[in-house]
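So the structure is just underneath, and the comments pick up after that.
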Amino acid sequence: IVTCAGTETLVDVMEGHKLDLAIIMPPINQAGLRTISLGREEMFISLPKNHPLAVKRILSASDVADLNFIVYRKGTVMQSVITEFFRSIGVQPRITMEVDNVHSTKALVQAGLGASILPACALENASPRDSVRAMQVKEGRMYRELGLVVLDAELLPRPTRELTSLLEESLRNK
């Protein structure tokens, strides 16, 4: 079974032994779970393509301060990364909406309801119909850490053990 959810939800489901592995945003400190680093992914300020600032090559912190933001729920790892980024560039974001996931966030940005922060994976392979523009900020770049969390158990199903080993090996070779 493949499921999509936030780090906190996935870790809870894993603790209930309903999932064997998940891709999450570390850190997690639950007993019985082991995390393997998958590296980091850049995140971008995302605007509707028809937004006046979307014509700029790069945004300034003052540009960012003037935007209405769609953000992730408070208390999530994703929102913590974003909050730290805003702090590092000296911006107190104007938050107009909180949502649960990247897909909803992107759809709301496409609809012109505000700006947000989206990871590179949500912006890759954009179709010509995609109406979101990814922007960097002059004062700093933003990244999120990714990890593969696995039940630290002796009796994992063979396919889970093999997939985990394959992922670990391929990441060591990068």
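Couple of notes before you dig in:
- Residue 17 - accessible surface, heavy atoms, 1.4 Å probe, Å² rounded to 10: 130 Å²
- In this structure the amide hydrogen of residue 142, modeled in the peptide plane, comes within under 5 Å of the amide hydrogens of 43, none closer than 5 places in sequence on its chain.
- Region 11-110, relative contact order [Cα under 8 Å, separation at least 6], %: 26 percent
- Surface share of carbon and sulfur [accessible, 1.4 angstrom probe, percent] for the chain: 52 percent
- Per residue, the accessible area of region 1-152 comes to 54 Å², computed with a 1.4 Å probe over protein heavy atoms only.
- Shape metrics for region 29-108, restricted to C-alpha atoms - Rg then Dmax, Å: 14.9, 49
- For residue 20, the accessible surface of its heavy atoms amounts to roughly 50 Å² (probe 1.4 Å, protein chains only, rounded to the nearest 10).
- Taking only Cα atoms of the chain, radius of gyration then Dmax in Å: 17.8, 56
- Exposed GluC sites (Glu not before Pro) absent: longest stretch of the chain, with sites in DSSP loops and at most 11 other Cβ within 10 Å deemed exposed: 1-123
- Ordered by solvent-accessible area of protein heavy atoms (1.4 Å probe), largest first, the residues 158, 73, 129 come out as 129, 158, 73.
- Separation of alpha-carbon centers, region 62-122 and region 143-163, rounded to whole Å: 29 Å
- With the whole protein complex present, residue 77 retains an accessible surface near 30 Å², based on a 1.4 Å probe.
- Computed 3J(HN,Hα) for region 49-57, one whole-Hz value per residue from the Karplus formula 6.51 cos²θ - 1.76 cosθ + 1.60 where θ = phi - 60°, is 4, 8, 6, x, 6, 5, 7, 6, 6, glycine and proline marked x.
- Listed by chain and number, the lysines placed with their C-alpha closer than 30 angstrom to that of residue 18 are 74, 106; residues fewer than eight positions away on the same chain are left out.
- With the helix formula -39500 (n - 2.57) applied to DSSP H stretches of n ≥ 4, the chain reaches a computed 222 nm mean residue ellipticity of -9000 deg cm²/dmol.
The values are calculated or read from the model by the stated rules, or taken from the named source; none is laboratory data. Quick caveat, the model's predicted, so the values are computed rather than measured. Cβ sites come from the backbone with ideal geometry, for glycine too, and all protein chains shown count toward neighbours. Accessible surface areas use protein heavy atoms only, side chains included; no ligands, DNA or RNA. Shrake-Rupley method; radii C 1.70, N 1.55, O 1.52, S 1.80 Å.
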